[in-house]
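Q: Here you go, one structure.
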Amino acid sequence: MKGKKTNIIKLIYKILYYNIFLSLIVAIISIAGEGTNNFLYFNFTITSSFILAVFLAFIILYPSLFFLIYTIAYIIFKIRDKVI
Amino acid sequence: MIGKEPTNFMKLLFLLFITLLLTFIFFYPKFEFEEEELTFLGPLSTEETKNLILDNLEEGDIILNRPQSFSSYYMQNKQQKLFKNIFFFFSYYNLFDKIFIRSMGEEGYWHIYIYKGNNTIHSLSLLGVEEGKIDNDFVENNYLKILKVNTTKENKIKAIERSNYYFESQEIYYSLKNGLIIVFAKSTGANYIFHLDKQKLVCSSYIALLYKDISFNLKKDYTYITPTDIENSDVVDTIIITKKEGVYYER
């Protein structure tokens, strides 16, 4: 029982840690997105509004991606344990 | 757990808590909307609804739409490259609808078009200024709101001419950065100047640019106009609303 608890905490820790980089990268790429004439361009010019938008995107993405990844990882582990 | 992991774990949990809290502070759902004085026509068929809309639409009118459901939106957009991955699509739909759109207002219209006559509509979407048609699919898969702009015929003609020009020249960009800042400014009521580029807009600020001779919200520059600002503006009248229960119409 204790071992299982530790595994879940380790899983949460890893997701929380790697999610920082994942959310930041997704936030920067999506905020840089601009489209016209049927093409999507990426404009990475750093301005104060760009930094604000990345911050806003990060605070939305971090909890959303955490719950999404955690749910998927938890289901995968549950299925794997049952199969084994 | 070894070494610094327990303290780091608490810090990471704190970061999760703070980001959640800030999301709720900046993007909480709003429940304010005005009652419209329209006649309820009851549920109509897709064909009847389309005909009613086309009979009442005039050049320069504004159309707001929101998808009826996750599945109807998926069926409409599954051909697009970006939405081929169902996992990405599900995340996008829920984040966009539940966080961005609902934080601006209760009715939650996603997109906004200008009617330019002959069953043709223009709008600014992710890939630039696009032209579309009001067909059965459009009416069947979306809840719509038709707005009439209270302005002169000349202003309406100017708006359509500008839209035709931007459709040809494609000099207006759709900017996700500006979109997020506009939603943030609307949601929190922040009146700061964020130095948004005048050529990088979203769907609602594009409509405000076309109608730049009038103002949908006197307190704001056209770059900051959201769909809710247009919907609740004093310079527009609602003529038709299609909802789950049926069609509302101004006789």
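Q: What's the total accessible area buried between chains A and B, using a 1.4 Å probe, rounded to the nearest 100 Å²?
A: On the way: alone 6950 and 14310 Å², together 18070 Å².
Answer for the A-B pair: about 3200 Å² buried.
Q: Which of the residue pairs B:156/B:198; B:200/B:244; B:153/B:177; B:30/B:50; A:78/B:78; B:133/B:153 have a Cα-Cα distance greater than 28 Å in the structure shown?
A: Numbers: B:156/B:198 21 Å; B:200/B:244 34 Å; B:153/B:177 34 Å; B:30/B:50 30 Å; A:78/B:78 31 Å; B:133/B:153 23 Å.
Listed pairs above 28 Å: B:200/B:244; B:153/B:177; B:30/B:50; A:78/B:78.
Q: If I compute solvent accessible area with a 1.4 Å probe over the protein chains, what percent of it on the protein assembly as shown is carbon and sulfur?
A: On the way: 10850 of 18070 Å².
Carbon with sulfur: 60 percent of the solvent-accessible area.
Q: Quick one: accessible area per residue over the range B:102-218, 1.4 Å probe, rounded to a whole number of Å²?
A: It amounts to 40 Å² per residue over the range B:102-218.
Q: Residue by residue through the range B:15-29, which ³J(HN,Hα) values in whole Hz follow from phi under the Karplus form 6.51 cos²θ - 1.76 cosθ + 1.60 (θ = phi - 60°), with glycine and proline marked x?
A: Running phi through 6.51 cos²θ - 1.76 cosθ + 1.60 with θ = phi - 60° gives 4, 4, 5, 5, 5, 4, 4, 5, 4, 5, 5, 7, 10, 6, x Hz.
Q: A further question on this structure: May I ask you to derive the relative contact order of chain B, considering only C-alpha pairs under 8 Å and at least 6 residues apart, and to give it as an integer percent? Intermediate results must be reported in sequence, preceding the final value.
A: Working: 368 pairs, mean separation 68.8, N = 251.
It rounds to 27 percent for chain B.
Q: Could you work out the pair-distance distribution P(r) of the protein assembly as shown from its alpha-carbon pairs, with 20 angstrom bin width and percents rounded to whole numbers?
A: In order of increasing distance, the bins hold 28, 53, 17, 2 percent.
The values are calculated or read from the model by the stated rules, or taken from the named source; none is laboratory data. No experiment lies behind these values; they were computed from the predicted model shown. These accessible areas exclude ligands, DNA and RNA; they are computed on the full protein's heavy atoms, side chains included. Shrake-Rupley method; radii C 1.70, N 1.55, O 1.52, S 1.80 Å.
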